[in-house]
Amino acid sequence: MGGTLSSRPGVVWRMVVGVTALTSLGLGASIWARPARAELAPCRSDPVVILSNGVTLDLSAYINDGESDVSNVAYVLHAPGGTTISSVIGTDGAIGLKETFSFSADAPSNTYTVETRVTTGLHGIAVIATTDVVSAAATESVSVAGQDNQNLRVSITT
């Protein structure tokens, strides 16, 4: 009783009638046509900061939302007193244009604290903020999970 659909005209006819009926009832679109949701694909902000003391910080925010819905990714870095920023390398692409960055050299020695805040149009969006600190002495990485419009704080002492 096998064979392809083209060799079984009765089956093909029943499928055409069924799809036509579902479409006329408005159900076909939900069953057959899945809307493209590429705009809701997760995105990532990933700037790198190089400090005067030789420490490199890789800041990142994994955002479970489309890039077009993200309006701002704000980073506030608190580094040890006496340090300055040598360089900031922003994220490539459109998400990089939405990054803002503030710096304060007001933390204790060998301590780096980063506050990340993601602002989106939709609400309840999952965000994971990660800070990687790379120095001559050590490499540390810490992540914290939360949602959009929350200050996600990571603190690392090397």
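Calculate, in nm to one decimal, what D92 and A136 gain on full extension: separation in residues at 0.36 nm each, minus their alpha carbon distance. If you can, show how the numbers build up before the last one.
Values: separation 44, 0.36 × 44 = 15.84 nm, distance 2.69 nm.
Fully extending the segment from D92 to A136 adds 13.1 nm.
Among 110-116, 77-83, how do they line up from the highest to the lowest mean number of other beta-carbon atoms within 10 Å?
Listed from highest to lowest mean packing, they are 110-116, 77-83.
Since every read-out is calculated from the coordinates, none of them should be taken as a lab result. Note that the structure is a prediction, hence the values are computed from the model and not measured. In this analysis, Cβ positions are derived from the backbone assuming ideal geometry, glycine residues included, and neighbour counts consider all displayed protein chains.
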